[in-house]
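The values are calculated or read from the model by the stated rules, or taken from the named source; none is laboratory data. Quick caveat, the model's predicted, so the values are computed rather than measured. Glycine gets a Cβ as well: all are built from the backbone with ideal geometry, and neighbour counts include every protein chain shown. We work out accessible area using only protein heavy atoms, side chains counted, and drop any ligands, DNA or RNA first. Shrake-Rupley method; radii C 1.70, N 1.55, O 1.52, S 1.80 Å.
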Amino acid sequence: MGSVLGVILNGQERLVREGVSILEAARSAGVEIPSLCFHRGLKPSGACRLCVVEVEGWESYAAACTTEVAQGMRVQTHSEGVEAMRQTVLELLARAYPGAARERLREKPFQRLLRRYGIPLRAGGEEPLPCGSAGGNVAFRDDTHPYVRADLTSCIGCFGCVRACEEIQGQFVWRVWKRGQQTRVEPVRETLLASGCVGCGACVDACPTGALEDVGGLEPDGAAEWTRTVCPYCGVGCELEVGTRRGRIVQIQPAGDAPVNRGHLCVKGRYAFGFVHAPDRVTRPMVREAGRWKEVAWEEALGLVASRLKVAIGTLEGRCRVGVLASARATNEENYLIQKFARVVLGTNNVDCCARVCHAPTAAAMREMLGTGAATNAFEDIEEAEAFLLVGCNPTENHPVVGARIKQRVLQGAALVVLDPREIELARYGGVHLPVRPGCNLPVLHAMAHVIVAEGLVDERAIAERVAEWDAYRAFVAEWTPEHAAALSGVSAGGIREAARIYARAKPAMIFHGLGVTEHGQGTGGVMAVVNLALLTGNFGIRGSGIHPLRGQNNVQGAAHMGCDPGYLPGGLSLEEGRGALEELWESPIPRERGKHLLEMMDAAREGKWDALWAVGYDIALTNPDTLRTREALGTIPFVVVQDLFLNELARDFGHVFLPVCSSFEKDGTFMNAERRVQRVRAALAPVGYARSDWQVVCALAQAMGRSRGFTFESSEAIWEEIRRAWKGGAGIDYARLESGGLQWPCPTATHPGTAVLHQTGFSHGRRAVLARVEFEPSPERCGEEYPFLLSTGRSLYQFNAGTMTLRTSNRHLRPVDTLDMAPGDSMRLGLAEGEPVRIQSRHGEVVLRLRLDEGMQEGQLFATFQTPEAALNRLTGPVRDGAVGTPEYKVVAVRVGKVGSAEWREGVGEAAGSLGG
Ligand code: SF4
């Protein structure tokens, strides 16, 4: 923070911070200096020459955006001279502006400025710009991208798109070609997509003329209203401005001042909203009769569910045979009510959510070691970090806005270590990549710790004051030499040493980890080994450090934290810790026994011991591992209620009642992102059709089952007020405080500012954390002659999880099918070609996918996405689970690959998926 300076702005003295530009100083004083190339988040360039000002004593005009204020500086922002110059610049630009754009793009900043300066637009377009891509050149046009239209006949050469793509997304799609009169802006290849555009829309936002525009923004009727809310996709939790007209979403833009995304979005958050209005959206309740779905009134559907659930829980044993699955796409308020319903109305702790199959190991490991099972720091720390260690995560594909921020920091010089079987995009930006064999994170992490200890790179103060069992840990890790780990993991010993040194020496350093750590038989142990590294190096409790689990779905953190877990109550309290106070608040007993988690429910069902399942916004038929056994289990459950937007695979094949609910664009509430930030979700639309909010359905069902007390809320805010009473760490967060930006918990009082950095002076459970000594247990999924490849599974940039939402948007054009990624050497050996459908068989099942060659793959390893029902990839994944919390081992599957129709494999492992889609 610089000192305060006094400047004279248009004759008035102003106090401004040292280091700010004249333009920023003027704006903070309420003086608007025109500019077309200045954008929050981009370095100022002075390209448009419209922000020129007069500075007393200077011989020429100064560009206000690139000139810093100085003590005593006297500035005239709108003198006759500078206004005349602006007029001249605008007239020149207007002459080249194409007439066709005049009506279409009237509200663009350029046209607004022309009107302000009284400059008419003529038929236009013939006269070349002095420096711009419209003049004298054949301007670039591209209408092949489903979301972005490029027509650079309207370009005025401000280069905002070039800078936005470089400085925000780091994608380098746009380039300035030639010089002087010949200067023009074009992508690096013939189309946006061919140039590597990832559809973030940053260039669109930076373009003042509409030369680049959202396809939605070109509709004749633009948005009539804008509503601020939170993205319905990943756990980054970007804030959106949702533009609507006549009950439909027409455009989405990023919230410029959101602390998480700071005016940036990814292709999903910005453009993939078409699912809301998809023609197959189910908007009336349905029941299945004689195998056919029939639309019914809400009362009938709820009456049926209530009566069947009442019968199911009629005995004590019955209560143990009924389960509820909450939704990472529902709000905190809804998830809180869902688990309350399970515990109070159904009398069971059989409630779970998709955290079970993703970050339950993270929550368990971090809770045990640090006392709190959630991210230690904030995304705003990315810009403070000197190094990043990415373990089993691919942020630019799966958490793209965070990925772009990490990429920018790395481009600025921060060090980077990537521990992942694949050469993910970020691994191409330098640093060290450790291509670990799937299932072998633990040896590599232990060996990194070995190097840190052996080479004296530990933080002595952290060891002395904040960790426990140091001697025992040191003896344990002494065995884990890099050579020992190299033999197990396939990573070179030298690479392990280098990675350890980079991470330990560049303080502060942040660790991001993902499902590549957790979705293993030793997922919890893997996270513990990650936490060890932060503890050894003192990378906790300070800005720019910590451990960051990248949460997959927008509110998976919230769903688990609201108590949608068979062993934990709201606020992350165990049943023993939290039961007393909650029983008082709810005026009901809470069962003492831990409930069954999702996979245990399936185990019981397979034995014919499960009577009813209510799944809210969660398609386990597609996403659970080991599809054939999952389907076998689901087929035995006599009553399955599905609450969702669409007839998903679970509803289609196993549902008895379908309850249609609102998307997050149609309701109020809060989400909790991956950095513990609670943010407001606001309805931008009325509910589509007869859809209801999930919380309304829960309340109505409770009442239908005869339990009104505790389920008669009028609004999501009223539910949140009860949550504040149930969860001390969120007691200080009310809706008024969430008007913009949100708050990170713990936030225990109304005046508490929230907590960006945990564990500053102690851990949540005490002063010291115990370094974990986790013995390595290899996965039972082994390669051999019969199954020579190791397959990992994951998501892609353009599709989201089960694809329920993104497959109903134009993202389907950007990534139409699931693929199998293979190293080119392997494909040559097998005689398989890029794009060819290939048959993949594991010990558990078989699928057919199109082959994609990827030079970033190690030979002998494969990667596949799981996002389309056509591919049904989880036919391949098996029954192995994390020993502590039951999370499935999606990341290690031994498979073989061959041509479709290859006859030599044994049949009957499972039917191959019939269609590849797309
Ligand atoms: Fe949405 Fe995540 Fe993309 Fe942000 S990064 S826009 S939260 S999907």
| query | Label-point separation (nm) for residue 843 and residue 79, each offset 7 Å from Cα along Cα-to-Cβ? | reply | 8.2 nm
| remark: Stretched fully, the stretch from residue 581 through residue 177 gains (0.36 nm per residue minus C-alpha distance, one decimal, in nm) 138.7 nm
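Set the Förster radius R0 to 56 Å, insert the Cβ-Cβ distance between residue 27 and residue 782 as r into 1/(1 + (r/R0)^6), and round the FRET efficiency to 0.05. Before the final figure, lay out the partial values.
On the way: r = 63 Å, r/R0 = 1.13.
It comes out at approximately 0.35.
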| task | Compare the peptides 380-393, 740-753, 5-18, 43-56 by average per-residue count of other Cβ atoms within 10 angstrom and give them in order, highest first. | result | 380-393, 43-56, 740-753, 5-18
| query | Can you work out the base-10 log of I(q)/I(0) for region 639-708 at q = 0.19 1/Å, using the Debye formula on its C-alpha atoms alone? | reply | -0.90
| request: Please list the non-local residues whose amide H lies under 5 Å from the amide H of residue 662, H modeled 1.01 Å from N, same-chain partners needing a gap of 5 or more. | output: 692, 693, 694
| For region 231-296, what is Rg from Cα atoms divided by 2.2 N^0.38 Å, rounded to two decimals? | 1.54
| query | Using alpha-carbon positions, what is the distance between the centroids of region 210-238 and region 269-311, in Å? | reply | 28 Å
| So what's the projected area for the chain, the Cα convex hull averaged over all directions, in nm²? | 39.1 nm²
| task | Evaluate region 282-331: find the radius of gyration of its Cα atoms, find its Kirkwood radius, and give the ratio Rg to Rh. | result | 1.05
| note | The alpha-carbon center of region 46-124 and that of region 826-862 are separated, in whole Å, by 57 Å
| Given a cut-off of under 8 Å on Cα pairs at least six residues apart, what relative contact order in percent is computed for region 176-234? | 13 percent
| message | More than 17 angstrom separation, counting every C-alpha pair in region 29-104; what % is that? | response | 51 percent
| Phi-based couplings in Hz for region 391-404 (Karplus 6.51, -1.76, 1.60; Gly and Pro marked x) | 10, x, 9, 9, x, 5, 8, 9, 9, x, 6, 5, x, 5
| request: Note the full-extension length gain between residue 468 and residue 71 as 0.36 nm times their separation in residues minus their Cα-Cα distance, in nm to one decimal. | output: 137.6 nm
| field | Long-range Cα-Cα pairs in region 296-408 (distance over 16 Å), rounded percent | value | 74 percent
| query | Put +1 on the Cβ of every Lys and Arg and -1 on every Asp and Glu Cβ in the chain; which of 792, 627, 366 then has its Cα farthest towards the positive end of the dipole? | reply | 627
| request: Kindly state, to the nearest 0.05, the FRET efficiency for residue 141 paired with residue 574, given R0 = 45 Å and r defined as their beta-carbon distance. | output: 0.15
| Dimensions of region 377-503 along principal axes (Cα, Å, largest first)? | 41, 34, 21
| said: Relative contact order for region 1-80: what percent, with Cα pairs under 8 Å and sequence separation of 6 or more? | reply: 37 percent
| said: Highest mean first, how do 856-869, 239-252 rank when packing is the count of other Cβ atoms within 10 Å averaged over residues? | reply: 856-869, 239-252
| query | Computed over the Cα atoms of region 410-460, what is the convex hull's projected area averaged over all directions, in nm²? | reply | 4.3 nm²
| So, in nm, how far is label residue 715 from label residue 478 when the simple model puts each one 7 Å beyond its Cα toward the Cβ? | 6.4 nm
| query | Rounded to a whole number, what % of the accessible area of the chain do carbon and sulfur atoms account for, probe 1.4 Å? | reply | 49 percent
| note | Extension length gain for residue 226 and residue 492 (0.36 nm per residue less Cα distance), in nm, is 90.4 nm
| request: Output the antiparallel fraction of DSSP beta bridges having both residues in region 763-865, as a percent to the nearest 5. | output: 50 percent
| query | Put +1 on the Cβ of every Lys and Arg and -1 on every Asp and Glu Cβ in the chain; which of 297, 570, 449 then has its Cα farthest towards the positive end of the dipole? | reply | 297
| task | Would you work out the charge dipole size for the chain about its Cα centre, treating the Cβ of every Lys and Arg as +1 and the Cβ of every Asp and Glu as -1, and quote it to the nearest 20 debye? | result | 920 debye
| query | If the viscosity is 0.890 mPa s and the temperature 25 °C, what Stokes-Einstein diffusion coefficient in µm²/s follows for region 515-651 when Rh is the Kirkwood radius over Cα pairs? | reply | 137 µm²/s
| task | Restricting things to alpha carbons, tell me how big region 342-444 is in terms of Rg and Dmax, in Å. | result | 17.1, 56
| remark: Whole-Hz Karplus couplings 3J(HN,Hα) for region 332-338, θ = phi - 60° and coefficients 6.51, -1.76, 1.60, Gly and Pro as x, run 4, 4, 5, 5, 4, 5, 4
| message | Could you tell me the relative contact order of the chain? Use alpha-carbon pairs under 8 Å, at least six residues apart, and round to a whole percent. | response | 12 percent
| task | Pick out, from 817, 842, 802, the residue whose Cα sits farthest towards the positive end of the charge dipole of region 801-842, with +1 on the Cβ of Lys and Arg and -1 on the Cβ of Asp and Glu. | result | 802
| request: Could you let me know the centre-to-centre spacing of region 451-522 and region 740-784, using Cα atoms, in angstrom? | output: 18 Å
| Expressed in whole Å with the largest first, what are the equivalent ellipsoid semi-axes of region 443-558 derived from the C-alpha gyration tensor as the square root of 5 times each eigenvalue? | 22, 19, 13
| field | Accessible area per residue, Å², region 671-829 with all protein chains present, probe 1.4 Å | value | 40 Å²
| said: To the nearest 20 Debye, how big is the dipole of region 251-365 about its Cα centre, given +1 on the beta carbon of each Lys and Arg and -1 on that of each Asp and Glu? | reply: 200 debye
| said: Explain nothing, just the number: dipole magnitude of region 189-270 about its Cα centre with +1 on each Lys and Arg Cβ and -1 on each Asp and Glu Cβ, in debye rounded to the nearest 20. | reply: 220 debye
| said: Going Cα to Cα from residue 507, which aspartates and glutamates come in below 14 Å? Please leave out same-chain ones fewer than 8 positions away. | reply: 381, 383, 384, 386, 459, 460
| query | Among 586-596, 631-641, how do they line up from the highest to the lowest mean number of other beta-carbon atoms within 10 Å? | reply | 631-641, 586-596
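Return one whole number: the accessible area per residue of region 436-480 in Å², for a 1.4 Å probe.
38 Å²
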| request: Counting only DSSP beta bridges with both residues in the chain, tell me the antiparallel percent, nearest 5. | output: 60 percent
